[in-house]
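For reference, the structure discussed in these notes is given below.
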Amino acid sequence: DLIRALLQHDPKKRLDADALLRHPWIVGVGLSEEPIADSSSNLLEYQRVRHKWNAALIASLHRRSTMRKRFSGRGADSAEPEQLDVAELLADAFQVFDPEGKGFVLSSDLERVIARLGQRVTQDELQQLIQAMDRNHTGKIHYQEYLNMATATVKEQSRTFPAGTVIFREGDQSDYFYLITSGRVRKLTKPPQGYAHSQWVANDEELGSGDYFGTSAILGSGRRHSTMVAVTDVQVVALGKEDFFEAGTDGADGGSGGLHTATSSAAATAVAAATATAATVAGSAAATAEASAANAAGTATAATKVGAVGAMAGVPSQRRLSRSSSSSQMPPRRLSASFGGRRLSPERSIRFINMMSINEPRLCMQGETLFRQGDEGNHMFIIKSGRVQVTVEGKDGRKHIVGERGRGECCGETACLSSNPRNCTVTCVSSDGCEVLCVSRDDFLELVRGSWDVRHDLIAVSERNSKEKQRRLNFLRTRDEVGGDYDD
């Protein structure tokens, strides 16, 4: 009753300061000493729902801003990037939730947007979101109700930096991911001397409203890789890792793993208890294996040790390519947790690409080809469900199966990075078909240029996929030379 009295719209009915100070709840008279039942788990559930809403809103703001700049011809490369105010950003973002132009949002619309961002949401969580915004109790979120909630979210997470402020410097510890809602920011990046991937680094870049920076705070590298300076007075929305990746998990979309670890074992235990019946944002075991594929060299003993590490991490052994003789069986993928001295987190980066890119869903039937060897690389693909088979056609015209990819993994990134034709053919092999997200080469490369973590994760995955393909081809050639049967 105290909260209701304080929230009365009519000032005459609203509780004044004197009455508030005399209220029994404030004075402490006649109150139960028993703790509120399930208060801890209810708070964790509320926070989890808010985090999902925050991520959905921010990703929608960025997507719509990117589309608007693209269609206006005033993108990031323009001499004067287009500046949008918060009201315009929020109005545009509503179209992500209501693409049909109904004028309201249903729980199914919220579920679609959140799921497309790679998160899972329960019906209870959807109901909480609807109730939080549906002030008129119609079961629908009308535009003004959405605008009230979105404005409150932006205001709550808002930070302001005066012109000339160094927001952070290269080497600083990462804390927040930022989306610009007004003003301009200069991004200064100085790659190390001899840096192998300097073609993907913009040394001096200006960002405007709808753009983001600070991905190291949510993708795991822990340190800033650029210096950010406010060119004008700047307002940003600041989000932490928990807004993007559900606590207590460390994988990719859809499996039993997760996308980031909890800040403490106690917090992980609490969240696990609170979300025992909820679906987790997860990563496929295949994604872990693919992202961990190592170089060709290594002994059988080393491969056994690596396989044991994969088993401890919950990674099942890869499906064997059919061979009648075990001595000439295709060697399994080799697993490694790091690349170039840095621990990889490709599941997070793929999930981030899913969230922040303008991607299009595509359904493929069994036997349908995503792309063929020799095609131009105009898109990369994120696999949402099903499995695809990777094959290479040899000079003799024979088809060699060199691997499979599954849920949470990507394919087609190598041609996008290199601008070379496709070096393999990828075909859906699942009886139920495959669902993939198509990301244009331009969008993919923009994300690679904009984030040190995405750049290193995806370049590493591309290089290691190429090495793994070559290793398997070498194995097949050697087997054929010694007269082994070919029954792939």
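The values are calculated or read from the model by the stated rules, or taken from the named source; none is laboratory data. Note that the structure is a prediction, hence the values are computed from the model and not measured. Glycine gets a Cβ as well: all are built from the backbone with ideal geometry, and neighbour counts include every protein chain shown. Remember, those area values only see protein heavy atoms, side chains included, never the ligands or the DNA or RNA. Shrake-Rupley method; radii C 1.70, N 1.55, O 1.52, S 1.80 Å.
Inter-label distance, GLN199 to HIS23: 6.4 nm, where each label sits 7 Å from its Cα along the C-beta direction. In this structure the amide hydrogen of ASP233, modeled in the peptide plane, comes within under 5 Å of the amide hydrogens of ALA163, none closer than 5 places in sequence on its chain.
Too long at a 25 Å Cα-Cα cut-off: which of LYS395/LYS469; LYS52/LYS155; LYS399/LYS467; LYS12/LYS155? In this structure, LYS12/LYS155 lie more than 25 Å apart at Cα.
Here each label is just a point 7 Å from Cα along the line to Cβ, and for GLN366 and ALA152 those points are 5.0 nm apart. Surface analysis of segment 362-488 yields an accessible area of 42 Å² per residue, using protein heavy atoms and a 1.4 Å probe. Rounded to the nearest whole angstrom, the semi-axes of the ellipsoid equivalent to segment 364-488, taken from the Cα gyration tensor as √(5λ), stand at 26, 18, 12, largest first.
In whole percent, and with a 1.4 Å probe on the protein chains, what portion of the accessible area of segment 121-246 is carbon and sulfur? Carbon and sulfur together cover 46 percent of it. Less than 5 angstrom separates the built amide H of PHE168 from those of MET228, all sequence-distant by 5 or more or on a different chain.
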